[in-house]
Amino acid sequence: TYGMTANAFMSVSLDPKLIVISIGDKARMLERIRQSGQFSVNVLSCEQQEESMRFAGQKQFEDKYEFDTLAGVPVVSNAVCQLSCEVYNEHTEGDHVLFIGQVNDLVLTDGEPLIFNCGKYRELKEMELEEVK
């Protein structure tokens, strides 16, 4: 079981439920997804910056990370969103491989997502709207 941090994923279709992830052609995760034929996408909570840094290789931990499972696929515990997917298709585009994943199961929980923007971890904050005169 392995993890990596990615910046984004995208919805492709609602029927069937399909998403797309993009993996660099030099990433260790590439062959792992090809061999297993499955992957998960986890939207981390704002309390999970350590996990994000760990899976990005920015922080090392001596202990082994313990994953939960969803529909037989490893997922990150306490994530705001967990999607269990099987590879539906794959396309090589430039120096990345796009994996189309069919969503087999989905768990959503209340909580604020972890945001990474402009090279920094950030929080979602409500905007104060000024009255237009």
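Here is how the numbers come out for the structure above:
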{"quantity": "The listed residue being surrounded by fewer than 17 Cβ atoms within 10 Å (Cβ to Cβ), over 19 Å from TYR121 (Cα atoms), touching a His at 6+ places or on another chain (Cβ under 9 Å) and charged (D, E, K, R), out of ASP25, ASP15", "calculated": "ASP25"}
{"quantity": "Residue in segment 55-66 that is open to solvent by less than 40 Å² (accessible area, probe 1.4 Å) and in contact with a strand residue (DSSP E or B) (Cβ under 6 Å, 6 or more places away or on another chain) present", "calculated": "no"}
{"quantity": "Selection from segment 29-49 of residues that are over 14 Å from ASN7 (Cα atoms) and assigned to a helix (DSSP H, G or I)", "calculated": "MET29, LEU30, GLU31, ARG32, ILE33, ARG34, GLN35, SER36"}
{"quantity": "Flag if SER36 is surrounded by fewer than 16 Cβ atoms within 10 Å (Cβ to Cβ) and among the hydroxyl-bearing types (Ser, Thr, Tyr)", "calculated": "yes"}
{"quantity": "Segment 12-35 residues that are in contact (Cβ under 8 Å) with a residue 60 or more places away in the chain and within 15 Å of TYR88 (Cα to Cα), paired with ones that are among the β-branched types (Val, Ile, Thr) and open to solvent by 70 Å² or more (accessible area, probe 1.4 Å) (beta carbon under 9 Å, 6 or more apart)", "calculated": "LEU18/VAL12; ILE19/VAL12; VAL20/VAL12"}
{"quantity": "Within segment 73-92, considering residues that are over 11 Å from VAL41 (Cβ atoms) and in contact (Cβ under 8 Å) with a residue 24 or more places away in the chain, the one surrounded by the fewest Cβ atoms within 10 Å (Cβ to Cβ)", "calculated": "THR92"}
{"quantity": "Flag if SER52 is open to solvent by less than 50 Å² (accessible area, probe 1.4 Å), assigned to a loop (DSSP other than H, G, I, E, B), polar (S, T, N, Q) and within 22 Å of MET29 (Cα to Cα)", "calculated": "no"}
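The values are calculated or read from the model by the stated rules, or taken from the named source; none is laboratory data. This is a predicted model, so every value here is computed, not measured. Note: ideal-geometry Cβ built from the backbone for every residue, glycine included; neighbour counts use all protein chains shown. The protein model used for the area step is the full one, side chains on, heavy atoms only, and it has no ligands, DNA or RNA in it. Shrake-Rupley method; radii C 1.70, N 1.55, O 1.52, S 1.80 Å.
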